[in-house]
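First comes the structure, then the notes that go with it.
Only the coordinates and a few stated rules stand behind these numbers; no lab work does. For clarity, every value in this text was computed on a predicted model and none was experimentally measured. Don't worry about glycine lacking a Cβ; one is built from the backbone with ideal geometry, like all the others, and counts go over all protein chains shown.
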Amino acid sequence: MNTEIKYIKEFDLNVPTWEDLLNNLNQSILNNEDVRHNCIGFFACFNAHKIESVSKVMQKLNAVDAHLYMNISTNGKTFGNHSDKMDVYYWQCQGKTKWIFENNEIELSKGDLIIVPKGVYHNVIPLSSRAGVSMSLGLWL
């Protein structure tokens, strides 16, 4: 299994605006789609492919699925230390996050991309209000 984490600074600076991101979250809520918020200030929704700039990045990466993750507060918890069942391509769209791995930390800023191979444990810490899109080459189960 490949466990090499790849980091690309300023991968694509044509990021969605806060307005685009909030509209995507709001549409998910209005359409009664799955929206997770496991604490105050953290939201995840699963239709980020509907955002035009996200769709363009998905084409670049040959991704087929995209999830939006947002923290409006640095106090909002994320999913904690976890691993995924497929490779994850995470595009930092707004704000900053710190990604913590077993022996490494990487800080992402607007436009950065990180590729986390399946099975690699990681934790994401918001360093500011932030939004990012997690993409995959297959559908999440």
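Using each residue's phi in the stretch 29-37, evaluate 6.51 cos²θ - 1.76 cosθ + 1.60 at θ = phi - 60° and report the 3J(HN,Hα) Karplus result to the nearest Hz, with x for Gly and Pro.
Couplings: 5, 4, 8, 6, 7, 5, 10, 9, 8 Hz.
Give me the distance between the Cα centres of the stretch 71-138 and the stretch 12-35, rounded to whole Å.
18
Under a crude label model (7 Å from the Cα following the beta-carbon direction), how far is Asn31 from Thr17 in nanometres?
For the pair Asn31/Thr17, the computed spacing is 2.1 nm.
Only helical DSSP H runs with n ≥ 4 go in: add -39500 (n - 2.57) per run for the chain, normalise by residue count and round the 222 nm mean residue ellipticity to 500 deg cm²/dmol.
Rounded to the nearest 500, it is -5000 deg cm²/dmol.
Over all directions, how big on average is the projection of the convex hull of the alpha-carbon atoms in the stretch 6-136, in square nanometres? Could the numbers behind the result be given before it?
On the way: hull surface 28.5 nm².
Projected over every direction and averaged, the Cα hull of the stretch 6-136 covers 7.1 nm².
Step through the residues of the stretch 73-82 one at a time and calculate ³J(HN,Hα) from phi using the Karplus curve (6.51 cos²θ - 1.76 cosθ + 1.60, θ = phi - 60°), rounding each to whole Hz and writing x for Gly and Pro.
9, 6, 7, x, 6, 9, 8, x, 6, 7
Neighbouring Cβ atoms within 10 Å as the yardstick, rank Trp91, Trp99 fewest first.
Trp99, Trp91
Going 7 Å from the Cα of Asn81 toward and past its Cβ, which residues in the stretch 112-139 have a backbone nitrogen under 17 Å from where you end up?
119-126
Local charge sum around Ser134 (other residues, Cβ-Cβ under 11 Å, Lys/Arg +1, Asp/Glu -1)?
On the way: positive: none; negative: Asp65, Asp84, Asp87.
Result for the local shell: -3.
Give the long-range amide H neighbours of Lys96: residues separated by 5 or more places, or on another chain, with amide H under 5 Å away, using H modelled in the peptide plane at 1.01 Å from N.
It is Leu127, Ser128, by chain and number.
Under 5 Å between amide hydrogens, which residues at least 5 positions from Asn47 or on another chain qualify, with H placed 1.01 Å from N in the peptide plane?
Leu68
May I ask you to compute the full-extension gain from Thr74 to Lys60, defined as 0.36 nm times their residue separation minus their alpha-carbon distance, rounded to one decimal in nm?
2.0 nm
Quick one: Karplus J couplings for the stretch 117-129, per residue in order, coefficients 6.51, -1.76, 1.60, θ = phi - 60°, nearest Hz, x for Gly and Pro?
Those phi angles translate into x, 4, x, 8, 6, 8, 9, 10, 10, x, 9, 7, 4 Hz.
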